[in-house]
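Visitor: Dumping the structure here so I can ask a few things about it.
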Amino acid sequence: MLKLALDFAPLLVFFVVFRLEGVMGATIALMITTVVCIAILYLCERKVSLAPLISGVLVTVLGGLSVALNDEQFIKMKPTLVNITFGLVLLVGVYGFKRGLLRHILDMAFQMTDEGWIRLSRRWGLFFFFLAALNEGIWRNFPTEFWVNFKVFGMFTLTVLFAAAQVRLVAKYTAPRVR
């Protein structure tokens, strides 16, 4: 539960502070909250997974550029770069190494055949590219408030719906647990 709360805390803080202070205040709050959450994760688990680390570095770098240059476009590009990074990693695993790299993240949750992991990694890799393209289209063509609502509610909803749509694939390629 703590990990889930720490994953969503920066996004929630960003949304609330945006409503009160605007995008620059929200960006500063996002940077601080992200660093604090990563530190708490490290203190609890003595390690930090790659996904929050990548996101944290991009939040800090792009958020810092946004604040230093007083230009919100950098923080708006962060979801694009995170999604491209995740998509590239997954698709390089699938096409370059014939491996489903999601296995390393989700293996504790369920067991699948190698083919299942490859198919699931491919689907998620393509989905991350879709989210990146969608983010680019939205932040470049709509007001900041619309982008914030999309980032907080739209991306989350799309991700949950996409994950739910993968249940049949997971069931089809489920492998028996090895003891």
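Visitor: With the condition being in contact with a Gly (Cβ under 9 Å, 6 or more places away or on another chain), I'd like the helices (runs of 4 or more DSSP H) fully within the stretch 6-104 carrying at least 1 qualifying residues. Full working, then the answer.
Guide: Working: elements: 23-45, 50-69, 73-91.
Those helices (runs of 4 or more DSSP H) span 23-45, 73-91.
Visitor: Also, quick follow-up: If you check residue 106 against the conditions, is it surrounded by fewer than 20 Cβ atoms within 10 Å (Cβ to Cβ) and of a type in the set (A, V, I, L, M)?
Guide: Judged against the criteria, residue 106 is a match.
Visitor: A further question follows. Would you call residue 4 out of contact with any His (no Cβ under 8 Å at 6 or more places or on another chain), free of Cβ contacts under 8 Å to residues at least 24 places away in the same chain and either in the same structural domain as residue 166 (by TED's automatic domain parsing) or acidic (Asp, Glu) (or both)? Give the steps one after another, and end with the answer.
Guide: On the way: out of contact with any His (no Cβ under 8 Å at 6 or more places or on another chain): yes; free of Cβ contacts under 8 Å to residues at least 24 places away in the same chain: yes; either in the same structural domain as residue 166 (by TED's automatic domain parsing) or acidic (Asp, Glu) (or both): no.
Against the criterion (out of contact with any His (no Cβ under 8 Å at 6 or more places or on another chain), free of Cβ contacts under 8 Å to residues at least 24 places away in the same chain and either in the same structural domain as residue 166 (by TED's automatic domain parsing) or acidic (Asp, Glu) (or both)), residue 4 does not qualify.
Visitor: Then there is this: Of all residues in the stretch 160-179, how many are touching a residue at least 12 places away in the same chain (Cβ under 8 Å), under 18 Å from residue 101 (Cβ atoms) and loosely packed, with under 14 Cβ neighbours inside 10 Å?
Guide: 1
Visitor: Among the candidates 144, 157, 80, single out the residue that is without any contact (Cβ under 8 Å) to a residue 40 or more places away in the chain and within 27 Å of residue 23 (Cβ to Cβ). Spell out how you get there, then give the answer.
Guide: Details: 144 fails: without any contact (Cβ under 8 Å) to a residue 40 or more places away in the chain; 80 fails: without any contact (Cβ under 8 Å) to a residue 40 or more places away in the chain.
Going through 144, 157, 80 in turn, just one is without any contact (Cβ under 8 Å) to a residue 40 or more places away in the chain and within 27 Å of residue 23 (Cβ to Cβ): 157.
Visitor: Follow-up. Evaluate the following for residue 59: is it touching a residue at least 40 places away in the same chain (Cβ under 8 Å), farther than 18 Å from residue 134 by Cα, out of contact with any Asp or Glu (no Cβ under 7 Å at 6 or more places or on another chain) and assigned by TED's automatic domain parsing to the domain that holds residue 25?
Guide: On the way: touching a residue at least 40 places away in the same chain (Cβ under 8 Å): yes; farther than 18 Å from residue 134 by Cα: yes; out of contact with any Asp or Glu (no Cβ under 7 Å at 6 or more places or on another chain): yes; assigned by TED's automatic domain parsing to the domain that holds residue 25: yes.
For residue 59, the condition - touching a residue at least 40 places away in the same chain (Cβ under 8 Å), farther than 18 Å from residue 134 by Cα, out of contact with any Asp or Glu (no Cβ under 7 Å at 6 or more places or on another chain) and assigned by TED's automatic domain parsing to the domain that holds residue 25 - is met.
Visitor: So the check is Cβ under 6 Å with 6+ separation or different chains; which pairs have a first residue in the stretch 24-50 that's surrounded by 14 or more Cβ atoms within 10 Å (Cβ to Cβ) and a second one that's among the acidic types (Asp, Glu)?
Guide: none
Visitor: In addition: Please enumerate the residues belonging to the stretch 79-99 that are over 21 Å from residue 53 (Cβ atoms) and buried (at least 18 other Cβ atoms within 10 Å of the Cβ).
Guide: 94
Visitor: While we're looking at this one, here's another question. Scan the stretch 132-179 for residues that are under 18 Å from the mean Cα position of the chain (by Cα) and charged (D, E, K, R) and report the count.
Guide: The total comes to 2.
Visitor: Could you run through the stretch 109-145 and say how many residues are hydroxyl-bearing (Ser, Thr, Tyr) and either surrounded by fewer than 21 Cβ atoms within 10 Å (Cβ to Cβ) or under 18 Å from residue 77 (Cα atoms) (or both)? Before the answer, list the steps.
Guide: Taking the stretch 109-145 and keeping what is hydroxyl-bearing (Ser, Thr, Tyr), we get 113, 121, 144.
Filter once more, so that each one left must be either surrounded by fewer than 21 Cβ atoms within 10 Å (Cβ to Cβ) or under 18 Å from residue 77 (Cα atoms) (or both): 113, 144.
The total comes to 2.
Visitor: Just name the residue that is farthest from residue 87 (Cα to Cα) out of those in the stretch 57-71 that are buried (at least 20 other Cβ atoms within 10 Å of the Cβ) and not hydroxyl-bearing (Ser, Thr, Tyr). Can you show your working first?
Guide: Our first condition is that a residue be buried (at least 20 other Cβ atoms within 10 Å of the Cβ); within the stretch 57-71, this holds for 58-59, 62-63, 66.
Okay, now just the ones that are also not hydroxyl-bearing (Ser, Thr, Tyr), so 58-59, 62-63.
On the way: 58: 15, 59: 18, 62: 19, 63: 22 Å.
Restricting to residues being buried (at least 20 other Cβ atoms within 10 Å of the Cβ) and not hydroxyl-bearing (Ser, Thr, Tyr), the top hit is 63.
The values are calculated or read from the model by the stated rules, or taken from the named source; none is laboratory data. What you are looking at is a predicted structure, and each value in this text was computed from that prediction instead of being measured. With ideal geometry, Cβ positions are generated from the backbone for all residues, glycine too; neighbour counts draw on all protein chains shown.
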